[in-house]
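Take a look at the structure set out below.
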Amino acid sequence: MSKASSGTLYRGREGMWSWVGHRITGVVIFLFLLVHVLDTSLVRVSPGAYDAVMATYKNPLMALGETALVAAIVFHAFNGLRLILVDFWKQGTKYHRQMLWGVLALWVVTMVAFSIRHLSIAFGGH
Amino acid sequence: MSADIAAPRSQRLDPKYVRARKSRGSFEMVAWLFMRLSGVALVVLIFGHLFANLMVGDGITAIDFGFVAGKWADPVWMFWDLAMLWLAMLHGTNGVRTIINDYAEKPATRVWLKGILYVATVVIVLLGTMVIFTFDPCIAGNTIAACK
């Protein structure tokens with residue numbers, strides 16, 4: 001890529017970065033999903049095996065990881081709904097940038113609420 | 001007077017110029033549509049899953065074997081988790097397939113990566129489905145009174 005191609009409507013701007021964020025969060029969520037089905041499958045082995053693995057999720061350090069995972073999920077969800085509006089809503093392509101700021105605002109609000117609740121439970125202060 | 005002029009190029013292309021000889025039909029369009037439809041459903045399913053498991057009651061500290069048994073005693077949660085499993089796995093598999101198509105250039109690499117992806121998908125979906133349908137709350141090792 002030459003320098004001349006920077007500063008286009010797409011490259012290095014909201015459209016590209018939301019696409020990058022959607023890809024990265026998608027892969028992270030998919031990898032966790034594979035692990036999560038495997039850990040849940042331990043209910044078919046024994047209650048003790050399942051409870052032992054669930055205990056690792058209750059570690060405060062893991063709670064930070066869970067919060068990061070939920071942050072990825074919530075961004076992917078809200079940005080995905082924005083993509084659907086870009087594709088199907090007549091004004092979607094016109095307002096895609098404003099909708100991205102809406103996505104980020106909703107993401108912040110949701111994550112503040114989630115983090116307060118989840119971290120206070122996980123760190124034992126509830 | 002009128003001359004009969006054949007429509008340009010229609011059916012008269014040398015086969016070596018036909019790029020879409022092996023048509024994949026509407027598969028890519030169906031996949032594109034599936035991502036949007038399953039995406040909307042997954043927002044509802046996963047937000048509900050996170051809210052029920054992490055936000056209400058004692059949140060993550062309450063999750064153990066008994067918690068799962070309590071949820072799957074209700075067919076609604078069984079169907080919820082089954083739908084979430086299938087839709088999320090197919091949505092995620094198609095997303096990773098797209099990423100492999102974008103970044104893996106050598107044909108052999110593409111075939112291998114997609115082969116591994118599809119095997120993992122089939123194994124995880126079948127395992128998860130089997131677990132939901134064959135779950136036994138009184139499995140050996142459960143010491144609660146209801147299973148005595």
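The values are calculated or read from the model by the stated rules, or taken from the named source; none is laboratory data. Computed from a predicted structure; not experimentally measured. Heads up, the Cβs are rebuilt from the backbone with ideal geometry, glycines too, and the neighbour counts pull from every protein chain shown. Accessible surface areas use protein heavy atoms only, side chains included; no ligands, DNA or RNA. Shrake-Rupley method; radii C 1.70, N 1.55, O 1.52, S 1.80 Å.
Does the stretch A:33-66 hold any residues that are surrounded by fewer than 17 Cβ atoms within 10 Å (Cβ to Cβ) and within 24 Å of A:MET111 (Cα to Cα), and which are they?
A:LEU34, A:VAL35, A:ALA55, A:THR56, A:TYR57, A:ASN59, A:PRO60, A:LEU61, A:MET62, A:LEU64, A:GLY65
Report every pair of residues separated by at least 6 positions or lying on different chains whose Cβ atoms are under 9 Å apart, first residue within the stretch A:102-126 and farther than 18 Å from A:LEU81 by Cβ, second not in a helix (DSSP H, G or I).
Filtered contacts from the stretch A:102-126: A:ARG117/A:HIS126; A:LEU119/A:GLY125; A:SER120/A:HIS126; A:ILE121/B:ASP58; A:ALA122/A:LYS58; A:ALA122/A:ASN59; A:HIS126/B:ASP58.
Of all residues in the stretch A:82-101, count the ones that are open to solvent by 60 Å² or more (accessible area, probe 1.4 Å), without any contact (Cβ under 8 Å) to a residue 12 or more places away in the chain and within 11 Å of another protein chain (Cβ to nearest Cβ).
Residues flagged as open to solvent by 60 Å² or more (accessible area, probe 1.4 Å), without any contact (Cβ under 8 Å) to a residue 12 or more places away in the chain and within 11 Å of another protein chain (Cβ to nearest Cβ) within the stretch A:82-101 amount to 2.
Each row is one residue, and each column tells you yes or no for (1) more than 11 Å from chain A (Cβ to nearest Cβ); (2) in contact with a Ser or Thr (Cβ under 7 Å, 6 or more places away or on another chain); (3) open to solvent by less than 60 Å² (accessible area, probe 1.4 Å); (4) at pLDDT below 95.
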{"residue": "B:PHE79", "(1), (2), (3), (4)": "yes, no, no, no"}
{"residue": "B:ALA83", "(1), (2), (3), (4)": "yes, no, yes, no"}
{"residue": "B:ALA88", "(1), (2), (3), (4)": "no, no, yes, no"}
{"residue": "B:HIS91", "(1), (2), (3), (4)": "no, yes, yes, no"}
{"residue": "B:GLY95", "(1), (2), (3), (4)": "no, no, yes, no"}
{"residue": "B:ILE99", "(1), (2), (3), (4)": "no, no, yes, no"}
{"residue": "B:VAL122", "(1), (2), (3), (4)": "yes, no, no, no"}
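Tell me, which helices (runs of 4 or more DSSP H) wholly within the stretch A:1-105 include 1 or more residues that are more than 20 Å from B:ARG36 (Cβ to Cβ) and over 22 Å from the mean Cα position of the chain (by Cα)?
Fully inside the stretch A:1-105 and qualifying: A:47-57.
Answer yes or no as to whether A:TYR50 is in contact with an Asp or Glu (Cβ under 9 Å, 6 or more places away or on another chain), among the aromatic types (Phe, Trp, Tyr) and closer than 20 Å to B:PHE51 by Cα.
no
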